[in-house]
Amino acid sequence: MNRRQSLLAAVAVATVALGWGPVRAEDGVTLTIGKLLELTGPLSENGPSQDKAITIAVDYANQAAAAAGVPIKVSAVSADAQGDPQAALSAARALVAKGASAIIGPSITPESIAIANGLTIQKRISLWPVGTSTRLRTIKDEGTIFRTVPPDSLQAYALAAAVVDKVGDPKGKLLSIAYRNEPYGEGLAKDLKAAWTAKGGTIQGPVVFDPAQATFDSEAQQVVDHNPDAYVVIDYPDTFAKFGASLVRTGNYDAAKLVVPDALAFSTVPGNIPPPALEGARGTRGGSDISTDAYKLFDQLWQKAGGVEHFALDANSFDSTTLVVLAAAAAHSTDPAALTAKIRDVAKPGAPKFGPTTLGEALKAAWSGKPIDYVGVAGAFEFADNGDPTISRFDIYEYKGGKLDVIKQIDAAK
Amino acid sequence: MTIEEGIGAGAQGRAPRPPIEIPAAAWLALTLVFVAVCLVVARGPVAVGQTTLNGLIAAGYFSLGAVGLTLVFGTLRIINFAHGDLLTLGAYLTFGLNAMGAPFWPAAAVAIALTALIALSLDYVIWAPLRRARTSTLQAMLAAIGLAMVIRFTVQFFAGSQVRGVGQDVLSSINIGPLHLGSLQALVLVVGVVASTLVGLGLAFTRLGKQIRALSDNMALAEVAGIDTARAIRVVWIVAGGLAALAGILFAAAVGSVNPNFGFFTLLSLFTAAVLGGIGNAYGALVGGLVIGLAQEWSTLFVNPRWKPVVGFAILIVVLLVLPRGIFGGSRERS
């Protein structure tokens, strides 16, 4: 397609958008992406940054497509998953009713499972959960669920590495594990336990706590009993506000021994979490190599857009959105099933590599039907058969003065 | 199921009983002491002492929240699902006033008064017309569930749904030898015990308390006897609303952070405490809270804390099988 044709196509798309039709749909693709965000509920801290990451990706894809002359226009619709599987399913249905061809989110695995079973598998809509639990892979998704976020089986290695970084040789070292009673914590704790004991360390717990309890003092006491060398607490921010206070009140708690996973990664520790509960603690989160041009571009777009600061996995939401746009370009279609079928063609190991800085070229290549390998802000994904990335980069960070400070990055692979 | 048992307990509890049930209280105290001694032998005094303190704190939370619930049920036969959201309302009114510049505790006092006033107005708007229409307990319960949602979402509309830090010092603790408890948690415990005792004593010994008990027995008869039932009902709502707000504020302060759902999520535990103790009985709220709080925390000495909620409800089921009206049950005349 030459410039003139693509200009015509763009005019045609605009005409359809303005309701002046009728114009044949094949001339261009008008893609709607569903943003399924945690705006309320236990993970509401990450809703705004997810929203921003997807919005940035949509705007950037539109610019890149227009500049490259690829007749694709992208918009997004959003709904609140509320941290509740039933509400998330209703919200996903609302997104599909508004024309969404793919869904980015939600962040909590039971929500993803409810949506997959109740909606997306049947309609072959690709779902891009931000939740990292390995429990997601217990369902037969028939190739509809893709994650750009590292599954917890990878994060467990990163957590174990972070603990080793802190306490040295694991042989004979006691690690105390506690988690909020959710699939996220259960999966992560299981893999962490295996990783730690494989290195010769010993485990205390895991202490499992129910989030609806009025007090967590007995649970916190069990975490610090026998003066362990380190603790890993796998929790969400809302409960950690209470659990952290209970830990401090035991009198035997040392935050410098704490290692937390990505759900407790905050650029600034929220006001409701008592500062002594996290000061000096370390943690892991899915990271992006910040020295790459892709990351610099992403950060530039992020800063230019204003609003909320970076939050865990924001780059992954950007990449998920971009992959969906590329797949739609490859499919020349907004049909969810056609789009889902093309996802592996735009993240194909061995194909020519493209990234955010070359998105226009990537869109052109995808539109012309060539396989490409999109290497995103968060890195290459190399989707395994189940749709999870097989390699991932993690940040190891430390809280200093209530702020998150990345001290190193590691690659965790199976 | 829990709630149905509760209704049954209240409806059946008409047999006259002696005013103070010492045997039940003594039996309970003996059982708790016996269990505690066994635990000390099995797990050592420090661990048992700490979990006992934690259990007492949980008991403080439960009984403070449950006393208003049980008072309303005992007198008006309303299973007040909106009670939990009155806790939320009290806490959020405090945050609102606090944000406008009032210091926390004076703001709390005003919020308690406002919540009591709102609870009273709700009687005029909702409960009095329903009483006149002679609605059943079930219909009133459904109205209460609806009201609960209205309150919760109104709070959410104005305050947003995010988790809110209260800004009180949740880290300071009182140390007793090797044992420790949070200062604000201790305050909740003391206020919980005092509030349920005062309500219990007030109902037993004041003139107004006797009137409230009379109308809870038979409203028509109480009116014929010359009791100003409207006034007694107003007092019930003011006390229940004020106690709910007090509970909500202290919960929020001691826990450190809340969202608009916290009252509703707490409600199930409050019902459990009230039903276990004998719904309609002010001391029942205290005792029910104590039994559940201790049982749950003691259970952590033996099983993973993930089973705490299961232990609470298992105890409820066992107690109701043995004492279908709860520990101090069937005593709406006394409550």
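The values are calculated or read from the model by the stated rules, or taken from the named source; none is laboratory data. This is a predicted model, so every value here is computed, not measured. With ideal geometry, Cβ positions are generated from the backbone for all residues, glycine too; neighbour counts draw on all protein chains shown. In case anyone asks, the SASA skips ligands and DNA or RNA and just uses the protein heavy atoms, side chains included. Shrake-Rupley method; radii C 1.70, N 1.55, O 1.52, S 1.80 Å.
Could you give the dipole magnitude of chain B about its Cα centre, charging the beta-carbon of Lys and Arg +1 and that of Asp and Glu -1, in debye to the nearest 20?
It comes to approximately 420 debye.
Where in region A:33-102 are there trypsin sites (Lys or Arg not before Pro) that are in a DSSP coil and have at most 14 other Cβ atoms within 10 angstrom of their Cβ? Write out the running numbers ahead of the final one.
On the way: sites: A:LYS35, A:LYS52, A:LYS73, A:ARG93, A:LYS98; in loops: A:LYS98.
The qualifying sites are A:LYS98.
Can you give the log10 of the normalised intensity I(q)/I(0) at q = 0.15 Å⁻¹, computed with Debye over equal Cα scatterers of chain B?
Taken in order of the listed q values, log10 I(q)/I(0) reads -1.26.
Which one, B:THR115, B:GLY202, B:LEU130, is farthest towards the positive end of the dipole of region B:21-322 when Lys and Arg carry +1 and Asp and Glu -1 on their Cβ?
Ranked along the dipole, the leading option is B:LEU130.
What translational D, rounded to a whole number of µm²/s, comes out for the protein assembly as shown from Stokes-Einstein when the hydrodynamic radius is the Kirkwood one over Cα pairs, at 20 °C and 1.002 mPa s? Don't jump to the answer; show the numbers that get you there.
On the way: Rh = 28.1 Å.
Answer, rounded: 76 µm²/s.
Quick one: 3J(HN,Hα) in Hz for region A:266-280, Karplus 6.51/-1.76/1.60 with θ = phi - 60°, rounded, Gly and Pro as x.
10, 5, 10, 4, x, x, 7, 8, x, x, x, 6, 10, 5, x
Evaluate E = 1/(1 + (r/R0)^6) for B:ILE174 and A:ARG124, where r is the Cβ-Cβ distance and R0 equals 51 Å; express this FRET efficiency to the nearest 0.05.
0.25
With 5 Å bins from zero, work out the P(r) of region A:247-333 over every alpha carbon pair and list the percent per bin.
3, 11, 16, 17, 15, 12, 10, 6, 5, 3, 1, 1, 0
Stokes-Einstein D for region B:73-222 at 25 °C, 0.890 mPa s, Kirkwood Rh over Cα pairs, in µm²/s?
Value of D from the Cα-based Kirkwood radius: 135 µm²/s.
What is the sum of charges, Lys and Arg at +1 and Asp and Glu at -1, for the other residues whose Cβ falls under 14 Å from the Cβ of B:ILE118?
0
Where does each of B:GLU297, A:GLU382, A:GLU309 land when they are ordered by accessible area, with a 1.4 Å probe and the largest first?
The residues order as A:GLU309, A:GLU382, B:GLU297, largest area first.
Give the range of the longest stretch in chain B that excludes all trypsin sites (Lys or Arg not before Pro) found in loop regions by DSSP and having at most 13 other beta-carbon atoms within 10 Å.
Maximal segment without exposed cleavage sites: B:135-335.
I need the phi-derived Karplus couplings for region A:246-256: 6.51 cos²θ - 1.76 cosθ + 1.60, θ = phi - 60°, integer Hz, Gly and Pro marked x.
Result, ordered by residue: 5, 4, 5, 5, 5, x, 10, 9, 10, 4, 5 Hz.
So, with +1 on the Cβ of K and R and -1 on the Cβ of D and E, and no other charges, what is the size of the charge dipole of the protein assembly as shown about its Cα centre, to the nearest 20 debye?
Using only the charged Cβ atoms, the result is roughly 1120 debye.
Label B:VAL46 and A:ARG344 with points 7 Å out from Cα along Cα→Cβ: what is the distance between them in nm?
5.8
Non-local amide H neighbours of A:LYS408 (under 5 Å, H modeled in plane, Pro and chain starts lacking H): which ones?
Amide H neighbours of A:LYS408: A:ILE396.
For chain A, what does the helix formula give at 222 nm: sum of -39500 (n - 2.57) over DSSP H segments with n ≥ 4, over the residue count, nearest 500 deg cm²/dmol?
Per the formula, -12500 deg cm²/dmol.
Multiply the residue separation of B:PHE302 and B:ARG231 by 0.36 nm, subtract the distance between their alpha-carbon atoms, and state the gained length in nm to one decimal.
Gain in length upon complete extension: 20.5 nm.
List the residues whose amide H sits under 5 Å from the amide H of A:LYS353, counting only those 5 or more places along or on another chain, with H placed 1.01 Å from N in the peptide plane.
Here the answer is A:ASP373, since their amide H atoms fall under 5 Å of that of A:LYS353.
What number comes out for the charge environment of A:LEU37, summing +1 per Lys or Arg and -1 per Asp or Glu over other residues with Cβ under 15 Å away?
Charge balance in the 15 Å sphere: -4.
Two decimals is fine: what is log10 I(q)/I(0) at q = 0.10, 0.15 Å⁻¹ for region B:241-335, from a Debye sum with one equal scatterer on every Cα and no solvent?
Log-scaled intensity ratios, in q order: -0.30, -0.65.
Out of every Cα-Cα pair in chain A, what percent are more than 38 Å apart?
It works out to 21 percent of all Cα pairs.
Applying 1/(1 + (r/R0)^6) with R0 = 25 Å to the Cβ-Cβ distance of B:LEU321 and A:ALA212, what FRET efficiency is obtained, to the nearest 0.05?
The computed FRET efficiency comes out at 0.50.
Using Cα centres only, tell me the gap between region A:175-237 and region A:23-96 in whole Å.
Region A:175-237 and region A:23-96 have Cα centres spaced 35 Å from each other.
Over chain A, what percent of the accessible surface lies on carbon and sulfur atoms, probe 1.4 Å?
Details: 7890 of 15110 Å².
So the carbon and sulfur contribution to the accessible surface is 52 percent.
Taking amide H positions as placed in the peptide plane 1.01 Å from N, state which residues far from A:ALA76 in sequence (5 or more) or on other chains have amide H under 5 Å from it.
The list, which skips near neighbours in sequence, is A:ILE33.
Obtain the nm distance between the two label points defined at A:ARG93 and A:SER368 by a simple spin-label model: each point lies 7 Å from its Cα along the Cα-to-C-beta direction.
About 4.5 nm, to one decimal.
Sort A:331-337, A:400-406 by packing, meaning the average of other beta carbons within 10 Å per residue, with the highest value first.
With the highest mean Cβ count within 10 Å placed first, the list reads A:331-337, A:400-406.
With θ set to phi - 60° and the Karplus curve 6.51 cos²θ - 1.76 cosθ + 1.60, what are the ³J(HN,Hα) couplings of region A:28-35 in order, to the nearest whole Hz, using x for Gly and Pro?
x, 10, 10, 9, 10, 10, x, 9
Please compute the length gained on full extension between A:LYS304 and A:LYS353, using 0.36 nm multiplied by the number of residues separating them and subtracting their Cα-Cα distance.
Computed gain between A:LYS304 and A:LYS353 is 15.0 nm.
Mind checking which of A:ALA330, A:ALA214, A:ALA64 has the largest fluctuation in a GNM of chain A, springs on alpha carbons under 10 Å?
Checking each option, the largest mean-square fluctuation is seen for A:ALA214.
Below 13 angstrom from the Cβ of A:TYR231, what's the summed charge of the other residues (Lys, Arg +1; Asp, Glu -1)?
-1
Send over the per residue convex hull volume for region A:41-159, Cα only, as a whole number of Å³.
In region A:41-159, the Cα convex hull volume per residue is 122 Å³.
Need the list of lysines near A:LYS171 for cross-linking: C-alpha distance under 24 angstrom, and skip anything on the same chain fewer than eight residues off.
Straight-line reach from A:LYS171, under 24 Å: A:LYS190, A:LYS193, A:LYS199, A:LYS257, A:LYS408, A:LYS414.
Please build a GNM for chain B, connecting alpha carbons under 10 Å apart, and tell me which residue among B:GLY49, B:GLY65, B:GLY242 fluctuates the most.
Looking only at B:GLY49, B:GLY65, B:GLY242, the largest GNM fluctuation is found for B:GLY49.
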